[in-house]
Amino acid sequence: MPGYELLDKKEFSQVSDVFLKSKTLFRMGFESQRKGIFKVKEFETNFAKKLKSKNALAVTSCTAALRVALATLNLNKKDEVITQSFTFVATVEAIVESGATPICTNIDKTLNMDPDDLVKKINKKTKAVIIVHMLGVPAQVDKIKRICNKFKITLIEDTAWGCGGKYKNRYLGTWGDIGAFSFDFAKTLTTGEGGMLIFKSKKKFELAKAWHDHGHENNPKFPRWEDTRKSSGFNFRMTEMQGAVGIAQLKKLDFIIKKQRKNHDLIWEKIKKIPGLKKRLYLKGSEITADALIIFVNSSIKAKKCRKELLKVGISTKILPEAYSWHFAGLWSHIKELNNKKLKRSLKKSENLLKNAVSIPIFVKMKKVQISNIYKGISKALK
C-alpha cells in the first residue's frame, strides 16, 4: 500500500539538505542563501522524466491538483464536468469549487467509469471528464479518450491511487490532457501530504503554475514582491520538505509496486478457490499498482461479515465496505449540486457492485502469516 513503509535514511538525507544546507523551506526565491538547492523543482523534473511527460507541477494534494487543473478550463455554473460514482468525495468537491456542475456516471466491473454511461451523459454543457483509476486499477481510458476526442472534451485523469501503474504500456495519468496524482500518507508514493499535475498543453501548464501561486508569473526580471501577475489564484505550493521526501520516494516507486504486485498475487492464489467470491475485473494490458485486492461476494451482509472476520485476525479492509459512504456519490446528500434523489436512483448498477465488495489492503512488507490470516478470515465469513 503506502510508501511510508519504506521511509528511511534516504528521505532523511534529502530533508537534511533543506535544514542544513539551503535553510529555505519555501520553494521559490532566496537564491543567495539556498546554495542551488531547489527540492520541489528537482522532484517535479524527476517525476516528469519518470512518466515521460514534458512538465510537472507539484501542489499540496490531489484535491488541489484537480482544482488547479479545472481552473485552467475557465468554467462557470452553466458548465458540467463528468466523473464517476465510485471515487473519493474530493473529486466532486473540486468540480463544485470550480463553479461547474458535477455529473456522475455508473461504473463497470473494473469499478471505474463506464464508457457507455459516459456517452449518455455528455451534452453541450460538458466541458471535461475526470476518470479515476480507483485503487490503482486502470479504467477503460483508451475508449474514454476516444469519446472525449470525438466530442472535443478535456480528459483529466485522477490518478490518486494509480501512480506508477500502466495500461497498454503507458503510464496512468499520461493518457489524458491532464493527469493528477496524490502523495498523501496512504498512497504508494508519499510526501505526507502532496500532489502533482502533468499537462499535455504548455499553455495550460503555465496557467496552472501561476494559478497555484496566487497568479505569480515568477518573472526573473523582478524580485518576488514586485512580480507580475498572470491571473488570480490560490496558494497550493508544495514545501521544500515535501519535495525532498518526494525525491527519495520516487526512486523507490518501481520496487514498491513490484512488491505489492507479488503480494497481491500471493493473496489471490491463496483465496481464489474459496466458494462464493470472484475478483474485480482487470482489463487486458493493465499493470496495476496493487494498492488493494477487491473481491465480490454474494451480498452486503457477507461483505460486512468478511470485514468482521478479517478484523478478528488482525487484518483491516480498505474503503469497502467500511468507508463506502465516503466513496459513493449516491450517498453524498451534503453536496446539493449533485441532485441526490435522482442521482441515487440512476446509480443502482454502481450500488449493486459496491455493496457486495470487499477491499483487502496490500502492503510491501506483508508476512506469510498475514496472508494466511486473510484466507482464514474470508473462509470463515463465506462458510
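Where a number appears in this text, it was derived from the coordinates with a stated rule and is not lab data. Values in this document were obtained by computation on a predicted structure and should not be read as measured data. Cβ atoms come from the backbone with ideal geometry, glycine included; neighbour counts cover every protein chain shown.
Remarks
- With the Kirkwood sum run over all distinct C-alpha pairs, the stretch 176-314 has a hydrodynamic radius of 19.1 Å.
- Database remark: amide H of Tyr167 closer than 5 angstrom to the amide H of Leu172, Glu287 (H placed geometrically; neighbours at sequence offset of 5 or more, or on other chains; Pro and chain starts carry no H).
- The chain: angle of helix 240-250 to the longest principal axis, Cα-based, in degrees nearest 10: 50 degrees
- Looking at the stretch 31-60, the GluC sites (Glu not before Pro) that sit in a DSSP loop and have at most 12 other Cβ atoms within 10 Å of their own Cβ are Glu31.
- Hz values of 3J(HN,Hα) by residue in the stretch 185-194 - Karplus curve (6.51, -1.76, 1.60), Gly and Pro given as x: 4, 9, 8, 4, 10, 10, 10, x, 9, x
- Size descriptors for the stretch 253-381: radius of gyration and Dmax over Cα atoms are 15.9, 47 Å.
- In whole percents, the pair-distance distribution calculated for the chain from its alpha-carbon pairs, binned every 10 Å from zero, is 5, 23, 31, 24, 12, 3, 0, 0.
- Peptides ranked, highest mean first, by Cβ atoms within 10 Å: ranges 253-262, 221-230, 153-162: 153-162, 253-262, 221-230
- For the chain, the antiparallel share of DSSP beta bridges with both residues in that region comes to about 60%.
- The stretch 1-57-the stretch 118-147 distance, computed between alpha-carbon centres (Å): 33 Å
- A simple count of charges around Val313, restricted to other residues whose Cβ falls under 11 Å of its Cβ and scoring Lys, Arg +1 and Asp, Glu -1, yields +3.
- In this structure, the pairs whose alpha-carbon distance is over 28 Å, taken from Lys312/Lys336; Lys52/Lys121; Lys278/Lys312, are Lys312/Lys336; Lys52/Lys121.
- The Cα atoms of the stretch 82-139 define a convex hull whose projected area, averaged across directions, is 3.7 nm².
- From phi via Karplus (6.51, -1.76, 1.60), per-residue ³J(HN,Hα) for the stretch 86-98 in Hz, x at Gly/Pro: 9, 6, 6, 4, 4, 4, 6, 4, 5, 5, 4, 5, 6
- A DSSP coil position with no more than 16 other Cβ atoms inside 10 Å describes the following trypsin sites (Lys or Arg not before Pro) in the stretch 72-157: Lys77, Lys78, Lys109, Lys124, Lys125, Lys152.
- Of all lysines in the structure, those lying under 19 Å Cα to Cα from Lys279, and not within fewer than 8 positions of it along the same chain, are Lys109, Lys262, Lys270, Lys302, Lys304, Lys305, Lys318, Lys349, Lys355, Lys376, Lys380, Lys383.
- Rounded to the nearest whole Hz, the Karplus-based 3J(HN,Hα) values (6.51 cos²θ - 1.76 cosθ + 1.60, θ = phi - 60°) of the stretch 263-271 follow the sequence 5, 4, 5, 5, 5, 5, 4, 6, 9, with x at glycine and proline.
- Angstrom value of the Kirkwood radius, inverse mean 1/r, which spans all Cα pairs in the stretch 140-243: 15.5 Å
- Estimated FRET transfer efficiency (Arg229, Gln370; beta-carbon r; R0 45 Å; 0.05): 0.25
- Across Lys150/Lys258; Lys21/Lys251; Lys272/Lys342, pairs whose alpha-carbon gap is larger than 30 Å: Lys150/Lys258; Lys272/Lys342
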